[in-house]
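> Below is one structure. I have some questions about it.
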Amino acid sequence: MKPVKPAPLPTLDPGGDTPTMRLFALLEVIAAKDQRYTLQDLVGQTGLPKPTLHRMLQQLEGAGLLRREGDSRKYGTGTRLRKLAENLLLNDSHHGARHAVLRNLVAEVGESCNLTSLSGSEVVYLDRVETAAPLRFYLHPGSRVPVHCSASGKIFLAHMSPAQRRRLLAHAQLEAYTPKTLTDLESLEREVQRVRSDGFALDDEEFLPGLLCVAVLVPSNDGPSNLCVALQAPAMRLSVDKARQMLPALLRAAQAISRIDTDPGVAEAPRASGKAPSSLASPASSSTAPDAVASA
């Protein structure tokens, strides 16, 4: 009887069968899904022998790239790996095509605009273009705001599965930053469902008094999106109704960034044409504070 050959492992041999590349490929397997893996899970996922996998996991855990959670039997991404991912996104967007899209968007709407991403229970500002208006809130790239009281955070919550959302919010502090902050899970869940239905989210002075924000998701053809385009301005200048009127421009910018991510050679500016989808026409019902409120 001929011995059975092991199944090929394309996910663990992305560019060469070296120890370093196998470690890297194992990280890719673990980072590809929002779940935690036991050693046995990874044996089934990769086909590698248990002793080999155990050594690899120990190396990655020792380097801070993975960490064990719960009963210490399940592995998830570590702080060092998440920080690496954040830095890649931060440093990729400052002078690239995405930044050009934000500049064009700010020129069209006249208010500060951001590109944001979810990191744990916080929203990270990956890039930002400031308005020239004399009164503005300043948050630099790298700033963090809470997921439960930011427009981008609500978008990310709305596109999670209920189980993912419960898991994230179970460990998040729903701190009241203003009298309008939603601090109980039932109210926040109702808001998230409204956001999912409408296709956009508002932060109506829920994080900072006097600050209003609106955000939309950047579409992705390659799995769940972890990018939002958001606009923010002082409430004295931007009403909820006016924010809704700016949704078509935000959606065009989100589509332009999506095209850039699909084809890095494409850097289209958002075009001022078309209307928002009908679902957007109906009303929707550590955080890092801004470094300064600039008034010139």
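> Averaging over every viewing direction, what projected area does the convex hull of the Cα atoms of segment 80-155 cover, in nm²?
So the Cα hull casts an average projection of 5.3 nm².
> How many angstrom separate the Cα center of segment 188-241 from the Cα center of segment 129-174?
8 Å
> On to the next question. Tell me, what % of the accessible area of segment 162-243 is carbon and sulfur with a 1.4 angstrom probe?
51 percent
> Probe of 1.4 angstrom, ligands and nucleic acids ignored: what's the accessible area per residue over segment 136-225, in square angstrom?
45 Å²
> Could you tell me the largest-minus-smallest coordinate of the C-alpha atoms of segment 122-253 on each of the three principal axes, in descending order and whole angstroms?
43, 37, 29
> To the nearest 10 square angstrom, how much accessible area does Thr77 have with a 1.4 angstrom probe?
We get 30 Å² for Thr77.
> Let me ask something else. May I ask you to rank Ser220, Ser197, Ser150 by accessible area, largest first, using a 1.4 Å probe over the protein chains only?
Final ranking, largest accessible area leading: Ser197, Ser220, Ser150.
> With a 1.4 Å probe and all protein chains kept in place, how much accessible area does Asp41 have, in Å² rounded to the nearest 10?
70 Å²
> Need one value: the accessible area of Arg190 in square angstrom, 1.4 angstrom probe, rounded to the nearest 10.
140 Å²
> Past 32 Å, Cα to Cα: identify those pairs from Lys83/Lys154; Lys33/Lys154; Lys74/Lys180, in the order given.
Checking Cα-Cα distances, Lys74/Lys180 exceed 32 Å.
> Give the ranking of Glu175, Glu186, Glu69 by solvent-accessible surface, highest area first, calculated with a 1.4 Å probe.
Glu186, Glu175, Glu69
> If you take the square roots of the eigenvalues of the alpha-carbon gyration tensor of segment 21-77 and sort them as a ≥ b ≥ c, do you get rounded (a/c under 1.5), prolate (a/b over b/c) or oblate?
It comes out rounded by the Cα gyration axes.
The values are calculated or read from the model by the stated rules, or taken from the named source; none is laboratory data. Note that the structure is a prediction, hence the values are computed from the model and not measured. The protein model used for the area step is the full one, side chains on, heavy atoms only, and it has no ligands, DNA or RNA in it. Shrake-Rupley method; radii C 1.70, N 1.55, O 1.52, S 1.80 Å.
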